[in-house]
Amino acid sequence: MDHTPLWISLKVAGCATVFTFFLGLFAARLVTGMKKGKGLLDGLFSLPMVLPPTVVGFFLLVLFGRNAAPGKFLERFGWSFLFTWQGAVLAAVAVSFPLMYRASRGALEQVEVSLLHAARTLGMSETEIFWRVQVPAARPGILAGTILSFARAMGEFGATIMVAGNIPGRTQTMSVAVYTAMQSGNRALAYRWAAVILAVSFLSVFLMNLALKPKKHDASKEEVR
């Protein structure tokens, strides 16, 4: 079995997770700090989670195509997202972003307001408060969102095949490899790739549960109280 789709999937998912981590975290920070228009922006950020992946891929294809402004701008520098592994990263970021955003937002909203007030009285800036108080306090939820985003990026198919295509050795991820194997009648190969994706997904959920599991000393403190 050619292991190239595995390495492409790992590369794409790894890069996508890095982008999704920062984009989702800052989007969560933006929304939690808003007083007006929060619902509208939350709906916009969550939209890729409820749209079919092929529709997300279609919009990306239109946005970064040769006839759109972003596509024309990139073309001036001889660069394009379409039918490249970078396009697969773009598709993975688009579909995994809502998971990171919603997990981070939920975690940030659970941080006690008294901690933020105390940090402000100490003269800390809002940026310092975010990185030194909010993020550490919300770490389990943020970590869980990161793991889920990685798993979602690893298994992305619809948006990937729309934007990056199915080019063996370049853009063929494991999910696309399953589709290709089934199309060619090679069910044994499809089962193998499906098993790998299943194992990665199960491991991701297991790690997420570990990240969310309360520490023993925290539980003992609660019992004492």
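The values are calculated or read from the model by the stated rules, or taken from the named source; none is laboratory data. On a predicted model such as this, the values are computed, not experimentally measured, just so you know. Cβ atoms come from the backbone with ideal geometry, glycine included; neighbour counts cover every protein chain shown.
Assorted remarks:
- Among residues of segment 48-60, those that are in a helix (DSSP H, G or I), touching a Gly at 6+ places or on another chain (Cβ under 9 Å) and either among the β-branched types (V, I, T) or farther than 18 Å from T20 by Cα (or both), counted: 3
- Helices (runs of 4 or more DSSP H) wholly inside segment 66-126 that include at least 3 residues being closer than 22 Å to G155 by Cβ and of a type outside the set (S, T, Y): 85-109
Condition check ((1) more than 17 Å from P53 (Cβ to Cβ); (2) modelled with pLDDT under 90; (3) surrounded by 19 or more Cβ atoms within 10 Å (Cβ to Cβ)) across all residues:
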position	(1), (2), (3)
L74	yes, yes, no
G78	yes, yes, no
A88	no, no, yes
F97	no, no, yes
S104	yes, no, yes
E109	yes, no, no
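- Enumeration of residues in segment 164-204 that are surrounded by 14 or more Cβ atoms within 10 Å (Cβ to Cβ) and within 18 Å of the chain's Cα centre (by Cα): A164, T173, M174, S175, I197, V200, S201, S204
- In the set (1) touching a residue at least 40 places away in the same chain (Cβ under 8 Å); (2) under 14 Å from A103 (Cα atoms), F26 fails one condition alone, (1).
- A count restricted to segment 1-36 and to residues that are in contact with a helix residue (DSSP H, G or I) (Cβ under 9 Å, 6 or more places away or on another chain) and not in a helix (DSSP H, G or I) stands at 4.
- Positions within segment 140-165 being in a helix (DSSP H, G or I), closer than 21 Å to A195 by Cα and not hydrophobic (A, V, I, L, M, F, W, C), in sequence order: S149, R152, G158, T160
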